[in-house]
Structures are given as C-alpha cells and as structure tokens.
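Down below is the structure, laid out as structure tokens.
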Amino acid sequence: MGILGFGWRKEALRRRFYSESFRGMYDRLQDAIDEFARPEHTVLDAGCGSGRVFQHRLAGRARRVVGVDVTDEPLGNPNVDDAVKADLGSLPLRDASFDLVIVSHVAEHLTEPEAVFAELARVLRPGGRLLLLTPNRWHYVPLFARLLPYRLHIGLNRWRGVDARDVFPTTYRANTATRLRELATGAGLSVERLARFETEPEYLAFHLLPYVLGVAYERLVNGVGLLAALRVNLLLVGRKA
C-alpha cells in the first residue's frame, strides 16, 4: 500500500481508538509553547527544518520567530519570520537574544549535544525557557530504528508519507531522561519539567493487528508509573537562571 493508504490508515485508526481530546506528541509540545510564549517574545526554532512535519502556532503569540538549521530548508519554512543557515553547535546569534527556544525532534540527531546545549543556553535571555521534544532511546521504535541502515530508514519513512528531506541520521546521544537533565544543568539551565509520555502508535498503522498491540503498549506504559522509562516521548522544559 502506498503513501496515501498509510496516511488513511493512520488517521482512521487514531479516530477508532482515541478520543479527540487525546494529546499526541506535537499537541503536548504546542501546549507547552502556548503556556510559555508571549506576544513580546523573540523565539528561536532550533533545527527548524522545512516545517513540513511540525507546524507550531506562534502567529500572534510571539513578536518574531527565527529559524536555524544546518540545511537550506528554513528558507521555505512557514513557521519562521527569519531563516538562518548554521550549525546549532556554533550559532551566529547574539548572547541573551531569545526569550524562548524550541527544539523539536532534533536532539536525537546531535553528534555533540554538549556544545549545542551550551549554545542554546547562551542565546537565551535570563528567565528564558528551552522547550525540547525528542524520542526516548529505550522505546521500541528508536531501538528498531537504530538497527536499520540509513537508506532503509529513508525508504520506510517515504512509505509513511515523510519527505526524504526530513529524514536525518540519528545518534541518540541525548535521549534519556537522565542524559537530558545532565545536558540541561551542565549548560546552566534548571529543569522545570521533564515529562515522559507515550502517544498513539502511528508507526504501526500499516495494519490493524500491530496497531492494536501498540495501543495496548501505550495504555500499559502510560498507566503504570514504574514503566515510565519505556515511554516514547521526552519533553523538557529548562529555564535559564
């Protein structure tokens, strides 16, 4: 079944097993953005890419949004007002120039996470916040993805409807709750919140049976606190003193 078939299954299965009030991973990140963004804020979308995957709502909620990415993709990103091509480990931006930094599904790709966290903390104003969403390396999806050759990873994501330009090699060097705390505090940020949560199993939407098993897994790990370390998403809220 092609891309359209996969997309149809994903949406249909979500409607079948989840209520409209269920908050997915991007919903939870948007909730955090809505909580902390202010109309007078200058926001950095670090590793923003093209905006095809996650389109945050900041129109009217922030004065200016700057997108930074190592590729040329930000030039067409509808989420940002200004686009900068740069490595996150060496940002051509002034100290203390942003009130809010958003990092969505970038940390898993970092080869030198300490340098990136230091840079993100540097450009934050005192009292500013870092909002970071990334997968947990101990979840079954990242565990399986780490076994796949990169070329096959691109092919599977293309089948799921993800543009190949939005697929990058992963390292998972920042992808546990403990590691994120270390990186944030090492960069001088206090950890105000570190949520771990499972969402709907959209990676398994190619067939009803695996999807049902994924739903059972989601309800188990979300319902049992001792299994929190096996939830797929890590959402960090860090604050600069």
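The values are calculated or read from the model by the stated rules, or taken from the named source; none is laboratory data. Since we're looking at a predicted model, the values are computed, not measured. Cβ atoms come from the backbone with ideal geometry, glycine included; neighbour counts cover every protein chain shown.
Worth pointing out:
- Residues being assigned to a helix (DSSP H, G or I) and buried (at least 21 other Cβ atoms within 10 Å of the Cβ) - total across the range 204-215: 3
- Only residues that are under 19 Å from residue 234 (Cα atoms), among the charged types (D, E, K, R) and either touching a strand residue (DSSP E or B) at 6+ places or on another chain (Cβ under 8 Å) or not in a helix (DSSP H, G or I) (or both) were counted across the range 113-132, and they come to 1.
- Count - residues of the range 230-241 that are farther than 30 Å from residue 95 by Cβ and outside any loop (DSSP other than H, G, I, E, B): 2
- Hits in the range 1-18 - residues which are outside any helix (DSSP H, G or I) and at pLDDT below 95: 1, 2
- Here the range 97-117 is the region considered, the condition is being of a type in the set (Gly, Ala, Ser) and touching a Gly at 6+ places or on another chain (Cβ under 8 Å), and the residue that is modelled with the lowest pLDDT is 104.
- Within the range 59-85, the residues that satisfy the criterion of being under 19 Å from the mean Cα position of the chain (by Cα) and part of a loop (DSSP other than H, G, I, E, B) are 70, 71, 77, 78, 79, 80.
- Selected residue [at pLDDT below 95 and surrounded by 18 or more Cβ atoms within 10 Å (Cβ to Cβ)] from 51, 24: 51
- Residue in the range 216-229 that is assigned to a helix (DSSP H, G or I), acidic (Asp, Glu), at pLDDT 95 or above and on the phi < 0 side of the Ramachandran plot present: yes
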